[in-house]
1. Using per-residue counts of other Cβ atoms within 10 Å, averaged over each peptide, order 225-233, 242-250, 212-220 from highest down.
2. Can you bin segment 235-292 into rounded, prolate or oblate? Criterion: square roots of the alpha carbon gyration tensor eigenvalues sorted a ≥ b ≥ c, rounded for a/c under 1.5, prolate for a/b above b/c, oblate for the rest.
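Derivation of every value follows stated rules applied to the coordinates shown; laboratory data play no part. Computed from a prediction, not measured in an experiment: that's the story for all the values here. No Cβ is skipped: glycine too gets one built from the backbone with ideal geometry, and neighbour counts run over all protein chains shown.
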Amino acid sequence: MAALAAATGVSAMTVSRALNNRQGVSSRTRQAILKQAAEMGYVTNRVAQKLSSGQSGVIGVLATHLDSPFISSLVTEVVRAATAVGNEVLIYTLVDHDTRPAGSVLQLLQQFTDGVVVLLPYGLGYAEALTQGKFPLISIDSPREHSGLPSIAADSYGGARSAMKHLAELGHKRIAFVTGAEQLESAQERRRAYEDAVAVFGLERDQSLVLPGDYSLASGRAAGERLLRLQRRPTAVFVANDLSAFGLMAVLQESGVKIPADMSVVGFDDLPGASQIHPGLTTIRQPMAELGRAAVNTLQAIAAGLRPVTDHLTLPTELVVRGSTCAPRGLPDQHWTSRGVARKKGVRIAP
């Protein structure tokens, strides 16, 4: 640090403030120091930084399956939110949902990061190990048995009710449901909303219409194949997430089923692909950017010794109507289209 201070003509204290993104340094001076540090190959010692200041300026992320569009979108938003407040991000991915990271990984996170954002693991034994050591942690969605951990999630129940209400208002009475990964509270809440909607809207109650899924593309395809084998097919399907909906739609279309004329489909997430497939998928939009910002802000508050206003923050969702839903065949009022109902209800209509 002394060499860097000499090269830039400032004090070692000013160099330290600039490298650690602290106040008291002008933007021009900070940029000059950072440029000189890069040219000299200077690398900040995060462990030493944390020991001296109590903070490293690094946020950890534990995630499963980065190849999942939903997970990768969430990670992107966490990184974007962390960068906006001057933090860096250390990402560790779990290929197997139930695999515990090695002790060395936990030690690395504790030494180098100010806290960890946990994304959708099925088993949280390692997260509990971190919290037992009073290590700041926030989860985005979580298994119900770990509901004592601070968490942030979209309103799965409210979003699923909106999806079912949309289909019921179009005139659908026989609606199937493809479940999510039942270990997660989000999947349990979406199933509860489906079952409540069946009762509230007077829909057909038939257990053969409830098809197992796990939020994967493959489970969506499997659900589509099971639907095709039913003697009485539904006129609409609510799928617990978009990725499974993509798989289901592919199987239906490969078999000659016309969407939405023969069967309407609604998903949940509003992944980028939802607007790119044909027809566009009507879905429930999760507030990805808001989830990322809330996770980072809450983690920073916990790291600073502040108690969050609530241990479980729920953010609102939004119904986005596209071309995969319409009234069922034979409904007398054929002009009662999906978009017509949406306009009357003030729902977002997307291309």
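1. Values: 225-233: 13.2, 242-250: 25.3, 212-220: 20.4.
Answer by packing, highest mean first, reads 242-250, 212-220, 225-233.
2. Values: a/c = 2.55, a/b = 2.19, b/c = 1.16.
Prolate shape, in that a/c is at least 1.5 and a/b is the bigger ratio.
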